[in-house]
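First comes the structure, then the notes that go with it.
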Amino acid sequence: MAQTLYFPLLLIALCSISECVQRQYHFINEEKKQNEAQRYCREKYTDLATVDNMNDMIQLNKCVNNGCVWIGLQKTSHYKWHWSSGDPALFLKWASGQPDGNADCTFIRNGQWHDWPCTKTCCFICYNHKLIVIQQNLSWSEALRYCRQNHVDLVSVQSVEMQRRVMNVVKLASTEAVWLGLRYSHILGIWFWVSGETVCYQNWALGNGTSEEDCEPTVRSGAVQSRGDQSWISRPETDRLNFICRNY
């Protein structure tokens, strides 16, 4: 009973910690179309600004001028919006009467969001989300401790875009697989990100990430292959691998 209660409390604590981590935003004082701004951000930073909560919004407002400024929010259908990074839009701060349904991109002005034609030009906000391959061979728990002491956390892969970034850096690893911030709970029978994020996007190699993990005598953690198609695999947490830290 104590173990059953412990795991949800652990997740709550992890979620609380992750909400305190802020993105690093960069205001670009150049007017570009939305797709040009997106390309600029991806080349020099990580992507156009993503805003997941009010803490992010407060940080973003500190570096915005009074004009229109692109963020990475884009419309996918009449009622649905997503971020340039591919992440779902879970936090919105539309101005009164917005969105009015006439445009597919988003700018902010005076802390409020407006939809706007993507072909218009605005200054824009990029964010930085750096991934670092650590070429040390550590167990999963040791890797987690290292990332939290020296950077932010072991990386979570929540979208196709983040998987693409992981694939770009994992080639630098010296081991055949590299630890992610992915852990398996025998108690609940689920995989979870140690950042507190839900496992929505998945990229498991065939035969990995299944309910068969319950039959394994050792604690399992998730890694990404550093070669081949760079899918995710399940490994005993005592294996000693390189790992990827997330650093804002």
Please verify whether GLY196 is out of contact with any helix residue (DSSP H, G or I) (no Cβ under 9 Å at 6 or more places or on another chain) and assigned to a loop (DSSP other than H, G, I, E, B), treating the condition exactly as stated.
no
Which of the numbered conditions does LEU5 fail, given that it passes all the others? Conditions: (1) surrounded by 11 or more Cβ atoms within 10 Å (Cβ to Cβ); (2) modelled with pLDDT under 90.
(1)
Report, by residue number, each residue of segment 147-169 that is in contact (Cβ under 8 Å) with a residue 12 or more places away in the chain, out of contact with any Leu (no Cβ under 9 Å at 6 or more places or on another chain) and not charged (D, E, K, R).
ASN150, HIS151, VAL152, GLN158, SER159, VAL160, GLN163, MET167
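Would you confirm whether any residue within segment 92-106 is closer than 24 Å to GLN158 by Cα, without any contact (Cβ under 8 Å) to a residue 40 or more places away in the chain and not in a loop (DSSP other than H, G, I, E, B)? Don't jump to the end; show me each part of the working.
Pass one, segment 92-106, residues closer than 24 Å to GLN158 by Cα: 92-93, 104-106.
Still in the list and also without any contact (Cβ under 8 Å) to a residue 40 or more places away in the chain: 92, 104, 106.
Then drop every residue that is not not in a loop (DSSP other than H, G, I, E, B), which leaves 106.
Yes, segment 92-106 contains a residue that is closer than 24 Å to GLN158 by Cα, without any contact (Cβ under 8 Å) to a residue 40 or more places away in the chain and not in a loop (DSSP other than H, G, I, E, B).
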Lone qualifier among TYR79, TYR45 - being touching a residue at least 60 places away in the same chain (Cβ under 8 Å) and under 29 Å from GLY196 (Cβ atoms):
TYR45
Determine, yes or no, whether THR119 is assigned by TED's automatic domain parsing to the domain that holds GLN38 and part of a loop (DSSP other than H, G, I, E, B).
yes
Exactly one condition in (1) touching a Leu at 6+ places or on another chain (Cβ under 7 Å); (2) assigned by TED's automatic domain parsing to the domain that holds THR50 is false for VAL133; which is it?
(2)
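The values are calculated or read from the model by the stated rules, or taken from the named source; none is laboratory data. Note that the structure is a prediction, hence the values are computed from the model and not measured. Cβ coordinates were reconstructed from backbone atoms using ideal geometry, including for glycine residues, and neighbour counts include every protein chain displayed.
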